[in-house]
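Heads up, the thing below is written out as structure tokens.
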Amino acid sequence: MKIIDNGLLDEVSRQATESPRLRMNYNFHDTLEANAQRLLNALEPGTELPVHRHCFTAETYIVLRGEINVFFYDDDKRVTESVTLNPLKGEYGIHIPAGQWHTLEVVEKGTVIFEVKDGPYRPLGPEDRLD
């Protein structure tokens with residue numbers, strides 16, 4: 001059993017601030033081959049997340065703490081829609097369909113999201129990035 005509490009969020013956020021990428025995962029799945037990828041993703045302002053998609057799986061973000069902007073794009077890298085998520089404002093999460101181009105912008109320090117997507121883990125390839 002693992003309780004998701006302020007202590008865990010604080011620890012993963014601390015690790016994110018010390019990471020050159022300004023983000024840190026805390027995985028609940030046992031292996032990268034697991035059929036369900038469940039993780040905390042601590043994100044700090046300034047972290048760079050490429051515009052990307054997951055061709056074969058949807059993903060869901062639930063903001064546990066902080067605030068993020070989620071941007072959606074068309075194939076020409078034009079923003080088509082955006083949404084702000086902040087649990088203190090009643091905006092908790094989003095489900096992103098497979099194949100949807102998107103990225104995140106972190107607004108608040110100490111932001112932590114709970115992320116779920118189908119496994120096994122597959123790194124982003126060139127077809128998954130909109131550079």
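None of the figures in this text is laboratory data; all of them are computed from the coordinates on show. No experiment lies behind these values; they were computed from the predicted model shown. Glycine also receives a Cβ, built like all others from the backbone with ideal geometry; neighbour counts cover every protein chain displayed.
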- prompt: Toward the positive end of the charge dipole of the chain, about the Cα centre and with charges on Cβ (Lys, Arg +1; Asp, Glu -1), which of 88, 70, 36 goes farthest?
  reply: 88
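What number comes out for the charge environment of residue 14, summing +1 per Lys or Arg and -1 per Asp or Glu over other residues with Cβ under 14 Å away? Can you show the working numbers first?
Working: positive: 23, 65, 109; negative: 10, 11, 18, 44.
Neighbour charge sum, excluding residue 14 itself: -1.
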- prompt: Using alpha-carbon pairs under 8 Å, 6+ residues apart, how would you state the relative contact order of the chain in percent?
  reply: 33 percent
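Once you list every other residue whose beta carbon is under 11 Å from the beta carbon of residue 25, what net charge do they have if Lys and Arg are +1 and Asp and Glu are -1? Kindly include the intermediate steps, with their values, before the conclusion.
Working: positive: 21, 23, 38; negative: 115.
That sum, taken over residues with Cβ under 11 Å, equals +2.
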- prompt: Among the trypsin sites (Lys or Arg not before Pro) within the range 1-39, which fall in a DSSP loop and have no more than 10 other Cβ atoms within 10 Å of their own Cβ?
  reply: 2
task: Take the Cα atoms of the range 7-51, find their three principal axes, and give me the spread along each one in whole Å, biggest first.
output: 31, 31, 12
message: About the Cα centre, and with charges only on the beta carbon of Lys, Arg (+1) and Asp, Glu (-1), how big is the dipole of the chain? Nearest 20 debye, please.
response: 180 debye
- prompt: Does the range 44-112 classify as rounded, prolate or oblate by the C-alpha gyration tensor (a ≥ b ≥ c root eigenvalues; a/c under 1.5 gives rounded; else a/b over b/c gives prolate, otherwise oblate)?
  reply: prolate
- request: Provide, for q = 0.16 Å⁻¹, the log10 of I(q)/I(0) from a solvent-free Debye sum over equal Cα point scatterers in the range 6-120.
  value: -0.75
query: Longest span of the chain, sites excluded, free of GluC sites (Glu not before Pro) in DSSP loop with at most 15 other C-beta atoms within 10 Å?
result: 49-107
